[in-house]
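Written below as structure tokens is the structure these notes are about.
Computed from the coordinates by the stated procedures, all read-outs in this text should not be read as laboratory data. As the structure is a computational prediction, the values presented were derived from the model and not from experiment. Cβ: placed from backbone, ideal geometry, glycine included. Neighbour counts: every protein chain shown.
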């Protein structure tokens with residue numbers, strides 16, 4: 001019997017302050033699991049420090065993610081699976097907040 005894909009994948013990664021372009025998904029899933037990221041359609045990330053992120057490649061523009069009063073913030077990314085869209089295979093995080101950032105992610109695969 002073939003092994004079924006999990007209904008979702010989730011995990012937490014602490015990103016130390018001063019870390020630049022930290023590869024979240026590689027550290028969370030390992031390189032072999034990254035190969036299946038083209039099946040992801042929804043992603044939710046939660047972070048508790050102001051950080052900046054780059055999607056897919058370190059050469060892409062950085063995008064700042066802020067917090068309000070130090071409270072954790074959730075960012076939902078939907079509809080990642082579409083013929084015209086590029087697949088997110090990595091999230092690079094830079095943390096210059098002065099504190100470790102607790103970065104949580106959950107993603108749901110496309111059902112085939």
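Starting from the Cα-Cα distance between residue 21 and residue 61, subtract it from 0.36 nm times their residue separation and give me the gain in nm to one decimal. Each step should come with its number before you reach the end.
On the way: separation 40, 0.36 × 40 = 14.40 nm, distance 1.15 nm.
That pair, residue 21 and residue 61, stretches by 13.2 nm at full extension.
How many nm separate the modelled label positions at residue 41 and residue 78, each set 7 Å beyond the Cα in the direction of the Cβ?
For residue 41 paired with residue 78, the spin-label model returns 1.2 nm.
If neighbour count is taken as other Cβ atoms inside 10 Å, put 52, 69, 12 in order from fewest to most.
69, 12, 52
What ranking, highest mean first, results for peptides 16-22, 56-62, 44-50 when packing means the other Cβ atoms within 10 Å averaged over each residue?
44-50, 16-22, 56-62
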